[in-house]
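Take a look at the structure set out below.
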Amino acid sequence: MSRIGVFVCHCGENISATVDCAGVAEAMSRVPGVVHSVDYKYMCSDPGQTMIKDAIKEKKLDGVVVSACSPHMHEPTFRRACAEAGLNPYLCEMANIREHCSWVHEKSEATTLKAIDLVHKMVEKVKKNQPLYSIKVPVTKTALVLGGGIAGIQAALDIANAGHKVVMVERSPSIGGHMSQLSETFPTLDCSQCILTPRMVEVAQHPNITLYTYSELESMDGFIGNFKVRIRKKARCVDEKLCTGCGLCTTKCPTKKIPSEFNEGLGMRSAIYVPFPQAVPNKPVIDKTQCTFFLKGKCKVCEKVCPTKAIRYDQEDEIIEVDIGAIVLATGFNVLGAEHFPEYGYGRYRDVIQGLQFERIASASGPTSGAIRRPSDGTEPETIVFIACAGSRDEAKGIPYCSKICCMYTAKHAMLYKHKVHHGKAYVFYMDIRAGGKMYEEFVRRAIEEDDVKYIRGRVSRIYEEDGKLIVKGADTLLGHQAIEIRADMVVLASAAVANDGAEELAQKLHVSYDPYHFFAEAHPKLRPVETNTAGIFLAGACQAPRDIPETVSQASGAASKVAALFSQSELTREPVIAVVNRIAPPLYSTCTGCALCVPACPYQAIEMEEIKNRDGVVVKRAAKINPGLCQGCGTCVALCRVKAIDLQGFSNEQVFAELMAL
Amino acid sequence: MIKIAYYPGCSLLGTAREYDESLRAIVKKMGIELVDVPDWNCCGASSAHSLDHDLSVALPGRILMQAESLGLEDLVVPCAACYSRLMMARHELMEDAALKARVCEMTGMEFRGTVRPINIIEFLQKYSDTFTDKITAPFDKDVACYYGCLLVRPPKVTNFDRPEDPRSMDEIMSLLGSKPVEWDFKVECCGAAHSITRAGLVGKLSSKIIGNAVHRGAQAIIVACPLCHSNLDMRRNFINKAAGRKYDIPVLYITEAVGLAMGIGEKELGLHRHTVKVRYPEKVKVEAEPRPKAAAATKPTPAAQTEQTEEA
């Protein structure tokens with residue numbers, strides 16, 4: 001006969017507001033096998049856990065049901081408490097009467113009856129529970145960092161400095177990300193390149209970091225501590241070992257009129273190119289879509305001029321396989337494209353640009369060497385209009401969220417402009433100024449008060465060209481919704497930050513969840529901000545949500561410390577919720593008939609056939625065997641097995657039927 | 001013969017007679033029969049929805065219910081204001097069960113939602129096959145397509161074209177052999193019903209629209225809304241006064257342009273009813289204008305390629 005304890009939690013008022021918790025406890029006390037049934041306000045608190053532990057000892061409980069929130073939330077908490085009291089943790093189950101009951105129903109007798117049913121079926125399940133023991137799996141102490149922007153760089157350096165190996169994959173030819181494109185950074189106006197490039201070099205030279213640029217993740221298999229990753233190293237058409245980065249090929253390449261990605265289309269690059277002079281690695285790439293040789297079959301100028309004979313037109317993509325223990329996603333963001341702003345003429349008028357383009361114009365390494373010049377005719381703009389929230393917080397553009405960084409960088413842009421063109425006029429159209437952050441509000445005030453940037457609260461409805469000027473039509477909502485028109489020379493849109501291209505695809509490859517806007521989802525918005533719901537995969541930076549540099553760096557360090565904590569153990573403990581093929585006493589040995597249908601059905605390649613031998617070493621039977629390290633407990637084989645020789649530990653057929661029969 | 005339900009609305013019997021005439025003339029050639037909604041009533045226009053919300057849904061709601069009796073799916077509504085009211089009513093009746101119950105009680109009829117109002121652009125898009133093969137006199141003009149405020153808005157309700165920079169009318173005009181100009185005021189306000197009370201204001205607003213169209217080299221303005229037409233055409237004296245110059249660019253309903261391209265006579269299309277005579281100004285060589293970089297607007301500028309920053 002079982003000795004089961006039932007513990008009903010009120011969860012403050014979360015449960016007790018709609019469910020009669022005392023009534024549930026009382027009803028449970030009448031179920032055969034239940035020897036102890038109580039309710040309490042906060043079962044997860046210290047006194048609550050103590051209640052459970054004491055009851056296990058005093059009443060000699062052999063099963064515990066905690067009826068509270070989702071097991072996703074607190075199952076580990078209560079199982080730990082049971083283990084501390086000497087009960088096998090897998091003899092403790094949770095009945096979810098919060099998410100599945102109190103939160104979704106009104107207060108009524110039926111709600112309480114549903115809660116009673118939910119708890120009762122768990123009681124029946126626990127009666128069938130067997131003690132289970134967690135599985136130990138080894139950890140590969142190498143981290144994969146996807147993305148070589150500031151988030152990836154910070155995470156990689158932190159992990160590498162903790163003494164672990166890091167593999168960094170960046171899809172563009174150089175690491176550095178968006179931060180390398182920035183001119184100055186808020187709120188200190190220190191040069192972005194000056195603080196970033198030393199770190200880029202450190203990544204390249206770190207003995208623990210292997211850097212793959214111009215590479216992408218091909219596929220990922222496995223699980224925490226034991227991922228198997230395939231990386232596609234795209235053909236650079238340049239032998240990196242021979243190339244010295246002298247740059248002769250890029251200067252001699254005859255195809256020079258290709259809009260430079262690094263300069264956001266404002267400058268030109270050649271077909272064989274290094275994205276920017278400070279690129280890491282400083283090795284060129286041939287853009288096959290533009291190179292005359294690849295398009296027309298002749299040219300080969302770069303091959304002729306290369307002093308070390310490093311050009312390899314026949315180079316092919318390479319697939320690299322690596323064993324990885326943890327993954328940090330740091331794939332960054334993008335900005336909303338031109339096609340979303342027909343009303344602002346973005347893409348039609350060359351002097352309507354977006355924020356990253358202004359960064360390039362203002363940057364000393366940019367196409368104008370830092371002089372503020374408008375793209376159309378290279379003259380110095382006398383009037384610039386900055387439009388904050390271009391796309392952000394705009395349901396009509398499908399982006400209800402705040403891009404977070406725009407208020408600050410718009411203030412910075414206006415300030416940089418005023419510092420360089422003293423007589424110029426800078427206007428900022430804004431909705432709200434969101435300057436939460438250390439020294440942020442002061443920075444915006446400085447733009448307004450010291451640098452005389454005119455802030456106008458209102459939206460811009462339209463921009464059109466008239467006599468070489470851009471007419472910006474907007475409203476000043478603080479001056480009685482007055483319609484205003486500004487004749488500007490240049491307009492800068494603070495375009496919304498959006499998820500990077502291919503984010504959705506990547507998330508699906510890695511089995512990581514993502515939000516409706518394709519930003520990767522954290523495991524818990526408050527308490528687990530750098531973890532994903534997939535164990536062993538962590539998040540850093542703007543791939544999770546729009547972030548500025550300080551936040552990105554702290555999140556990257558957070559992710560790195562999670563990885564370091566994971567790597568500090570030699571073995572990982574895994575839940576024993578895995579499938580097992582039964583083994584019974586001779587003469588049957590197992591009810592498995594050896595049909596091997598389960599082998600190809602397993603999505604994790606965890607099943608193989610085993611030969612069962614008798615004492616004399618004679619093979620008596622072939623039966624399936626499941627590798628506990630690989631099995632993810634999905635249950636596919638259980639459903640498929642024709643003779644029911646496979647069962648899922650913790651969710652055996654017997655247990656599930658017991659639950660159903662209780663309803 | 002294709003049958004389509006037709007709701008003319010009051011304008012098409014009055015100030016916009018030529019819109020009705022031209023539509024009926026072209027559908028005859030297109031092989032389409034328009035079936036008038038029986039016993040139709042006023043859509044309520046701006047007046048109803050500024051006074052009483054239920055009434056503003058009930059009036060167009062009744063039209064939809066009457067149209068349902070015809071057993072046809074598409075209901076062509078040429079007037080942009082009527083179209084807007086009918087779409088809005090349909091949207092609200094589908095979304096709000098309580099409102100639907102009240103409106104059904106007011107009208108004493110049942111709303112099933114089987115009829116879908118379509119505007120004239122959607123109509124011409126959907127049945128373009130029936131007129132493109134009958135084009136005998138291509139409408140070879142540089143045209144500015146003016147959509148006005150109601151045709152594409154609110155986007156949630158109309159779910160038609162891009163709300164800030166629509167293209168559908170331009171595409172139809174291209175089919176007719178016209179060259180639509182890139183201009184800036186496709187959806188700008190013409191002043192709408194203020195034409196009655198503040199004609200001077202309408203003159204000012206409409207003069208900007210006409211001015212920009214002329215500046216961008218248009219020889220004709222194409223509209224799909226009776227009020228847009230009356231403001232840009234009938235209020236031309238106020239427009240000229242506000243602009244301080246005389247504009248003679250004609251304003252045509254898109255149905256008239258389609259009719260002309262199909263070789264239908266001007267009189268049959270009602271062109272003689274316009275206030276501004278339908279005579280097209282000379283073609284302007286846009287490139288020759290002293291606007292720097294105007295040519296760049298049509299080419300893909302480097303700025304337009306910024307989205308390819310990351311190779312992937």
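The values are calculated or read from the model by the stated rules, or taken from the named source; none is laboratory data. Keep in mind it's a predicted model, so treat the numbers as computed, not measured. Heads up, the Cβs are rebuilt from the backbone with ideal geometry, glycines too, and the neighbour counts pull from every protein chain shown.
Residues of region A:591-630 being of a type in the set (Asp, Glu), more than 36 Å from the chain's Cα centre (by Cα) and within 21 Å of A:Gln649 (Cβ to Cβ), which ones?
A:Glu610
Mind checking which residues of region A:244-266 are of a type in the set (D, E, K, R) and either touching a residue at least 60 places away in the same chain (Cβ under 8 Å) or more than 13 Å from chain B (Cβ to nearest Cβ) (or both)?
Matches in region A:244-266: A:Lys252, A:Lys256, A:Glu261, A:Glu264.
Just one of the numbered conditions (1) in contact with a strand residue (DSSP E or B) (Cβ under 8 Å, 6 or more places away or on another chain); (2) more than 10 Å from every other protein chain (Cβ to nearest Cβ) is not true of A:Val305; which one?
Condition (1) is where A:Val305 drops out.
Quick test of your reading of the structure: A:Met168 fulfils all but one of (1) under 30 Å from A:Val577 (Cβ atoms); (2) assigned to a strand (DSSP E or B). Name the failing condition by number.
Among (1) under 30 Å from A:Val577 (Cβ atoms); (2) assigned to a strand (DSSP E or B), A:Met168 violates only (1).
Across region A:389-443, what is the number of residues that are outside any helix (DSSP H, G or I) and under 16 Å from A:Ala496 (Cβ atoms)?
The total comes to 19.
Residues of region A:267-318 being surrounded by fewer than 20 Cβ atoms within 10 Å (Cβ to Cβ) and aromatic (Phe, Trp, Tyr), which ones?
A:Phe294, A:Tyr313
Output the qualifying pairs, or none if there are none: Cβ atoms under 8 angstrom, residues six or more apart or on different chains, first residue in region A:325-352 and not assigned by TED's automatic domain parsing to the domain that holds A:His164 and modelled with pLDDT under 95, second residue assigned to a strand (DSSP E or B) and among the charged types (D, E, K, R).
Within 8 Å, the pairs are A:Glu343/A:Arg462; A:Tyr344/A:Arg462; A:Gly345/A:Glu465; A:Tyr349/A:Glu465.
Before we move on, is A:Arg232 in a strand (DSSP E or B), within 13 Å of chain B (Cβ to nearest Cβ) and closer than 19 Å to A:Arg171 by Cβ?
yes
Give me the residue from region A:217-241 that is more than 23 Å from A:Ile578 (Cα to Cα) and of a type in the set (Lys, Arg) and, out of that set, farthest from the chain's Cα centre (by Cα).
A:Lys241
From the set of residues in region B:241-276 that are loosely packed, with under 14 Cβ neighbours inside 10 Å and small (Gly, Ala, Ser), which is nearest to B:Ala137 (Cα to Cα)?
B:Gly263
Looking at region A:226-237 only, could you name the residues that are of a type in the set (D, E, K, R) and either without any contact (Cβ under 8 Å) to a residue 12 or more places away in the chain or under 17 Å from A:Ala310 (Cβ atoms) (or both)?
Matches in region A:226-237: A:Lys233, A:Lys234, A:Arg236.
Looking at region A:175-184, is at least one residue in contact (Cβ under 8 Å) with a residue 12 or more places away in the chain, surrounded by fewer than 22 Cβ atoms within 10 Å (Cβ to Cβ) and more than 30 Å from A:Glu442 (Cβ to Cβ)?
No, there is no match, as no residue in region A:175-184 is in contact (Cβ under 8 Å) with a residue 12 or more places away in the chain, surrounded by fewer than 22 Cβ atoms within 10 Å (Cβ to Cβ) and more than 30 Å from A:Glu442 (Cβ to Cβ).
Could we say that B:Val202 is in contact with a Cys (Cβ under 9 Å, 6 or more places away or on another chain), assigned to a helix (DSSP H, G or I) and over 21 Å from B:Pro78 (Cα atoms) here?
It is true that B:Val202 is in contact with a Cys (Cβ under 9 Å, 6 or more places away or on another chain), assigned to a helix (DSSP H, G or I) and over 21 Å from B:Pro78 (Cα atoms).
Take residues that are under 31 Å from the mean Cα position of the chain (by Cα) and within 14 Å of chain B (Cβ to nearest Cβ) and tell me which of the strands (runs of 3 or more DSSP E) falling wholly in region A:315-384 contain 2 or more.
It comes to A:333-335, A:352-354.
Quick one: which of A:Glu202, A:Glu240 is touching a residue at least 40 places away in the same chain (Cβ under 8 Å), outside any loop (DSSP other than H, G, I, E, B) and surrounded by fewer than 18 Cβ atoms within 10 Å (Cβ to Cβ)?
A:Glu202
Inspect all residues belonging to region A:5-24 and state whether any of them is closer than 22 Å to A:Phe651 by Cα and over 37 Å from the mean Cα position of the chain (by Cα).
Looking through region A:5-24, at least one residue is closer than 22 Å to A:Phe651 by Cα and over 37 Å from the mean Cα position of the chain (by Cα).
What single numbered condition from (1) more than 13 Å from the chain's Cα centre (by Cα); (2) more than 12 Å from chain A (Cβ to nearest Cβ); (3) under 19 Å from B:Lys246 (Cα atoms); (4) not hydroxyl-bearing (Ser, Thr, Tyr) fails to hold for B:Leu175?
Unmet condition: (3).
Residue check: is B:Val181 within 14 Å of chain A (Cβ to nearest Cβ) and β-branched (Val, Ile, Thr)?
Answer is yes for this residue.
I'd like to know if region B:77-91 contains one or more residues that are in contact with a Pro (Cβ under 6 Å, 6 or more places away or on another chain) and in a loop (DSSP other than H, G, I, E, B).
yes
Can you name the number of the only condition in (1) at pLDDT below 95; (2) farther than 24 Å from A:Val34 by Cβ that A:Gln130 fails?
All conditions pass for A:Gln130, except number (2).
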